[in-house]
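Below is one structure; the comments refer to it alone.
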Amino acid sequence: MEKIANIQPGVAQNAQRKSDIKILLVDDREDNLFSIEAILEKDNYTIVKANSGREALKVLLHQQDFSLILMDVQMPDLNGFETATIIYERDKLKNIPIIFITAFSYDEDYIFKGYKTGGVDYIYKPINPELLRMKVSVFVDLYRKNQQLLIHEKKLLAANKSLQKEIEERKASEEKVKLLNEQLTQNNAHLKTINEELDQFAYIASHDLQEPLRKIMVFSDKILMKENMDGETEKYFKKIINSSKRMQLLINDLLAFSRQSTNPSDFKKADLNVLAKEAIAGLEIEIEKNNARIYINDLPVIWAVPGLMRQLFHNLIGNAIKFRKKMIAPVVHIETEKINGTDGFPPVKTMNGNSYYKISISDNGIGFDPKYADEIFIVFKRLHSYHEFEGSGVGLSICKKIIEKHNGSITAESTPDKGSTFIIKLPEK
């Protein structure tokens, strides 16, 4: 007989002190629910329990404000993976992270299945209380920081909406329009300041995630160093360490993405031939290891931020080598074409009729489905699992951000198994 467990009295008191964090526990065994609740109770979270996948779905029909879901994989009727799939079909629930709890060790394909359904991590039974609390605290911290960002965003949207309404109401008066223009200038300056603060906040938020992650890795290493550890336990902790390393890579790439800020004084006359060769030098080991060949066809000299353009070439050439075909040496061609006027250049308003350069970076790699040509530039978007190709899915997002800071555009063309071409358009002046 199914019954959704109520919040216990002790937890209700905690909810009054820290009502912003709600965690949904899903397990078909009451003793497991009680154990996990007891571990997390000292952190003053609001705990809601469900002892089946269907009960969890019933809870989520009425409550969507959970910070995290901890869910057992092996449950009758609906297992954890099936329940997660149904949960993420609802837009209101897509942003709730799910940590799967399992007592078994599966192969990597099975583990990947959990990540594919939307899960963010695994906890293995028997549960290590400190490890569970540490992992939960990481996602709780991220939830709080995201909530703060959403509050900032709502305030900005409300300010813009209010200002727009005021502008429409005062169009009839020249003096009032002048006043509104002054207010608009001040608001734009304020928005710029807040955007800079948000970039800085994203950097700090990512940086703060490093500390609990380092503790997870350190404590796992210490446990691995103990004697008389059975092989199965050692395998579990190695999986924890590998997962932590992948998360650390994600955080480092997020830090790099948040640091992409520029000032007008950063722009200099830059020879792209030199910057491309410097990027190639930084990839020397990968190039030699894979017998890659890079051909550069006389790149232009433009006004640019040298460090950012060097990183652009490093990311794109590195991707061409990474996504190579098996048993075929990667070949990369970098070519340039100068085009007069603004025909075909998306940000026409920034060009003023000037010429621009079209730079094509082509490879003979595995390619991808053209329907993903826009999505690959989204932060953390991956077309392949980390088992097939390493990386965090941030590299192309950084490339797009770099090009936008140069008033340019970047697009991709590809056919599966026939390579890819990245097309960069940069203004001459």
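Estimated from the Cβ-Cβ distance and a Förster radius of 22 angstrom, the FRET efficiency linking Ala373 and Gln148 is about 0.05. Computed from phi, the 3J(HN,Hα) profile of region 310-324 under the Karplus parametrisation 6.51, -1.76, 1.60 (θ = phi - 60°) reads 5, 5, 4, 5, 4, 5, 6, 5, x, 5, 4, 6, 4, 8, 8 Hz, with x in place of Gly and Pro. When the listed pairs Lys92/Lys135; Lys113/Lys405; Lys176/Lys405; Lys235/Lys325; Lys113/Lys154 are checked against a 27 Å cut-off, the alpha-carbon distance exceeds it for Lys113/Lys405; Lys176/Lys405; Lys235/Lys325; Lys113/Lys154.
Can you tell me the FRET efficiency between Thr233 and Gln63 if r is taken as the Cβ-Cβ distance and R0 is 25 Å, rounded to the nearest 0.05? Walk me through the numbers on the way to the answer.
Details: r = 36 Å, r/R0 = 1.46.
Computed FRET efficiency for Thr233 and Gln63 comes out at 0.10.
Computed over neighbours whose Cβ is under 14 Å from that of Lys418, the net charge equals -2, Lys and Arg +1, Asp and Glu -1. Given labels modelled 7 Å from the Cα in the Cβ direction, how far is it in nm from Glu30 to Lys338? It works out to 8.1 nm between the two label points. Computed from backbone phi with θ = phi - 60° and the Karplus coefficients 6.51, -1.76 and 1.60, the 3J(HN,Hα) list for region 155-164 is 5, 5, 5, 5, 5, 5, 5, 5, 5, 4 Hz; x is used for glycine and proline. The amide H of Leu68, built 1.01 Å from its N in the peptide plane, has Lys22, Leu24 as neighbours under 5 Å, considering only residues 5 or more places off or on other chains. Straight-distance candidates among the aspartates and glutamates for linking to Lys289, with alpha-carbon spacing under 19 Å and chain neighbours fewer than 8 residues away dropped: Glu278, Asp363, Glu388, Glu390.
Protection proxy ranking of 55-64, 127-136, by the mean of other Cβ atoms within 10 Å over each peptide's residues and highest first, is 127-136, 55-64.
Rounded to the nearest 0.05, what FRET efficiency is calculated for Gln74 and Asn242 with R0 set to 25 Å and r the Cβ-Cβ distance? Efficiency at R0 = 25 Å is approximately 0.65. In the structure shown, the pairs Lys125/Lys322; Lys116/Lys371; Lys116/Lys400; Lys178/Lys268 are assessed against 29 Å; a Cα-Cα span above that value is assigned to Lys125/Lys322; Lys178/Lys268. Counting only aspartates and glutamates at least 8 places from Lys429 when in the same chain, those with an alpha carbon closer than 17 Å to its own are Asp266, Asp271, Glu337, Asp343, Glu404.
Laboratory data are not the source of any read-out in this text; all were calculated from the coordinates shown. Computed from a predicted structure; not experimentally measured. A quick note on method: Cβ atoms are made from the backbone with ideal geometry, for glycine too, and the neighbour counts reach across all protein chains shown.
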